[in-house]
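For reference, the structure is listed below as structure tokens.
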Amino acid sequence: MPLATACGYLVVGAGPWCSVFALVTSRSSFLVLLTFASSFYYLVVLLLAALPLRPFMPLAPSAGSYFAFALFTCVVKEVMRYALFRMFRKGVTALEDSVASGQLAEQAATDGVSVRGGLLPSDYVKLSLAVGQGYGLGHFFFFFLSVLSLTLGDGTWYGDRCPEMSLFTILAVLALAYSMIHAGATVVAFHRGYGSGWEGARVREIRARGVDWTYAGIVFAGELVASLFFLVNFAHGGCTWGVPLTLLCGVAFALWGLVEARRVVAALTLTLH
């Protein structure tokens, strides 16, 4: 039974992420590498966000004590995501140059591999989705998989503030929620907030624009709200509505990312063809 319980938590926390990875990301070795690279980048970001706060630890176990911590962490993560976007945009432009010049096709031909003559409109969304999935993978490993081995013992764990839900159930649902938040937020941020129009930079009709502060602000506010929902768990019984609200926030980000992906693909299809 303990093994079955652990598998159940894995299905809840990582099932949807694995499904998207298998259906979309795993079809390209480059996307797989991008996913793991962005996951490592996310873990580095968490480390950088935690280091300045180390002298103030331990904090009192209350939501008010962790509010400034949540705000600071969200600011650091958003700044570092914008820095990642700048590197990401340069990398995609270099990839476009290699494809357009034929260098990539020549190199692939020498290795006995064939490549397409250009990037498809959906490729741009898949690249940003891989980055968002990498963020979700980092969160999954850091906040959920690291404690999953404890489920193999007898019984389960409950927190003093939330006797209504198992600690592992909470962590599994939060892992699911944040995988959707990171994926959706990254797609929206990369294609709308940070630089709408950068996709297909080689096409003359498309011009990269600056930061759209409205959408960038909405993405930041959404992630901050999700973090504040997490702080609700400090209240007695708060997990019974704090965890569902965080999950609802994840669903909202996932749907927003899907709508944005459809918009980008439709716009690029009309422009590139």
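A short reminder: the numbers here are calculations on the coordinates, not readings from a lab. Here the structure is a predicted model, which is why all the values come from computation and not from measurement. Here the Cβ is made from the backbone with ideal geometry for all residues, glycine too, and neighbour counts use every protein chain on show.
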Problem - Computed FRET value (nearest 0.05) for ASP160 with TRP241, which takes r as the C-beta separation and R₀ as 22 Å - result: 0.80
Problem - Rough spin-label spacing in nm, given labels placed 7 Å along Cα→Cβ, for LEU23 and ALA37 - result: 2.6 nm
Problem - Extension reserve of the VAL225-LEU59 stretch, reckoned as 0.36 nm per residue once the Cα distance is removed - result: 57.7 nm
Exercise for the section: Take peptides 2-11, 185-194 and line them up by average Cβ neighbours within 10 Å, highest first, as a rough protection proxy. Expected result: 185-194, 2-11
Fill in the blank from the handout: Proxy exposure order for TRP256, TRP17, TRP157 (fewest C-beta within 10 Å first) is TRP157, TRP256, TRP17
